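Here, each number is a calculation from the coordinates, and none is a lab measurement. Note that this is a predicted model, so its numbers are computed, not measured. Note that each Cβ is placed from the backbone with ideal geometry, even for glycine, and that neighbours are counted across all protein chains shown.
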Amino acid sequence: MRLRRSLIDLDDLTGDELRAIFDRTRAFETHDPGPLLHNVPVVNLFFEQSTRTFTSFNLAQLRLGAIVVNLSPKDLSLAGKGETIEDTVITLAAMGVNLLVVRHSEAGFPARVASAFDGHVVNAGDGAHAHPTQALLDLYTMREEFGQVRGLNVAIVGDILHSRVAHSTINGLRHLGANVTLVGPEFFLPGDYAREGISIERDFDAVLPHADAIVLLRIQRERFAAMPMTDDEYVARYQLNGERLRRLPERTIVMHPGPYNRGMELDDSVLTFAGWRYAMQVHHGVYIRMAVLDFLVNGSTVSA
Ligand code: ASP
Ligand code: CP
């Protein structure tokens, strides 16, 4: 079997490839590239809920002219007839399916799929492991805002431990030369996250005066049994609210992968803050995914 190129985490891409994907994203945002995936059969396989990632992959695939099938895992033979995921994807490949987009609650699941599937696999989020296309769109949003990621002071705040977005974004930020500060309580941010270029801060207020970008995270309660502190304690220490916004430099942007929980990691004043870039991130997400799909299927030269 010929192993085709997949995107499981950002480590799969070199610095030049990251930049090529960003350039391609920008080109696609300004000019419709046409049907670069004309008649390519793709299947979206989401075992976990999704609004943004699922919809933007669908839009990206349709805009590129792919043939799109959305499978609902509960209706598959996998669910009730004892078929394995490996045999499921061997079956899909035999039908000519060329690319799979996979989300699953188990870390490593998309990599397992990639080792059995004769085609491309894109990880759309696996457990707390990785969410590479979210990280790409986050990095792209910073790059568009500031011209480059190198040298930016980026604070990622909240439930780092259970966040696949944080894990992939930290990877990408270090790769591109940003200074990363992780902010949160011990339970969500164990001390061993600290390494070269990555510092740990327990006091959110301490990072506010120096931040170019703040990435807020949802507390991912579906991934752990009990909150280590009351919600009120968490809000007092880590919520971005009107008062903390006033202490940010004028240039600072605030980002969130979504879904955000109002009243927890942010209050409503963030949603009207001039530097709030959530909608921009979501917008970029469609074009980043178009660029990734084109890159995997058609190769690494910039084609637009
Ligand atoms: N939507 C992102 C993810 O699937 C972040 C989150 O759920 O909080 O990882
Ligand atoms: N950001 C993100 O992955 O959102 P969804 O879980 O809604 O896809």
### Query
What residues of the range 88-123 lie in the reach of a label at residue 67, counting those whose backbone N is under 15 Å from a point 7 Å from the Cα along Cα→Cβ?
92-100
#### Entry: Percentage, to the nearest whole number, of Cα pairs in the range 27-182 over 23 Å apart
45 percent
## Note on the structure
Sorted on mean Cβ neighbours within 10 Å (highest first), peptides 120-132, 9-21 come out as 120-132, 9-21
### Query
Where nothing but the Cβ of Lys and Arg (+1) and of Asp and Glu (-1) is charged, how large is the charge dipole of the chain around its Cα centre, in debye to the nearest 20?
520 debye
### Message
At 1.306 mPa s and 10 °C, plugging the Kirkwood radius over alpha-carbon pairs of the range 58-134 into Stokes-Einstein gives what diffusion coefficient in µm²/s?
### Response
120 µm²/s
### Message
For a test of the definition: using alpha carbon positions, the gyration tensor, and the 1.5 limit on a/c, classify the range 121-212 as rounded, prolate or oblate.
### Response
oblate
## Note on the structure
Quarter of the surface of the C-alpha convex hull for the range 253-296, i.e. direction-averaged projected area in nm², equals 3.5 nm²
### Query
For the range 95-112, in order, what is each residue's ³J(HN,Hα) by Karplus, 6.51 cos²θ - 1.76 cosθ + 1.60 with θ = phi - 60°, in whole Hz (x at glycine and Pro)?
7, x, 5, 9, 8, 10, 10, 10, 10, 8, 6, 9, 4, x, 4, x, 5, 4
### Query
How would you rank 161-172, 75-86, 146-157, highest first, on the average number of other Cβ atoms within 10 Å across their residues?
161-172, 146-157, 75-86
#### Entry: Per-residue HN-Hα couplings for the range 192-207 [Karplus 6.51, -1.76, 1.60; θ = phi - 60°; Hz; x = Gly/Pro]
6, 6, 5, 7, 4, x, 10, 10, 10, 9, 8, 9, 4, 4, 5, 8
### Task
Can you tell me which of 48-54, 110-116 comes out highest on packing, and rank the rest after it, using the mean Cβ neighbours within 10 Å?
110-116, 48-54
## Note on the structure
By the C-alpha gyration tensor axes a ≥ b ≥ c (rounded if a/c is under 1.5, else prolate when a/b exceeds b/c, else oblate), the shape of the range 208-304 is oblate
### Query
Relative to the longest principal Cα axis of the chain, at what angle does helix 52-63 sit, 0 to 90 degrees, rounded to 10?
40 degrees
### Query
For the range 150-243, with the dipole built from +1 on Lys and Arg beta-carbon atoms and -1 on Asp and Glu ones, taken about the Cα centre, which of 229, 177, 162 lies farthest toward the positive end?
177
### Placed amide H near residue 215: partners under 5 Å, 5+ positions off or other chain
155, 156, 157, 255
### Query
About its Cα centre, how strong a charge dipole does the range 141-196 have in debye, to the nearest 20, once Lys and Arg get +1 and Asp and Glu get -1 at the Cβ?
200 debye
#### Entry: Interchain or long-range residues, amide H under 5 Å from residue 120's placed H
99, 100
#### Entry: Helix 278-298 axis, angle to the chain major axis (alpha carbon atoms, nearest 10°)
30 degrees
#### Entry: Average projected area [Cα convex hull, the range 1-94], square nanometres
7.8 nm²
## Note on the structure
Long-range alpha-carbon pairs in the range 148-265, meaning those over 19 Å apart, account in percent for 42 percent
### Task
Just need the Rg to Rh number for the chain, please, alpha carbons only, Kirkwood Rh.
0.98
### Query
Equivalent-ellipsoid semi-axes (√(5λ), Cα gyration tensor) for the range 112-161, whole Å, largest first?
28, 16, 7
### Message
Helix 132-146 against the longest principal axis of the chain: what's the angle in degrees, Cα atoms only, rounded to the nearest 10?
### Response
50 degrees
### Message
Could you work out [θ]222 nm for the chain from helices alone, using -39500 (n - 2.57) per DSSP H run of at least four and dividing by all its residues? Round to the nearest 500 deg cm²/dmol.
### Response
-11500 deg cm²/dmol
### Summary
The answer for GluC sites (Glu not before Pro) in the range 139-188 that fall in a DSSP coil and have at most 13 neighbouring Cβ atoms within 10 Å is 186
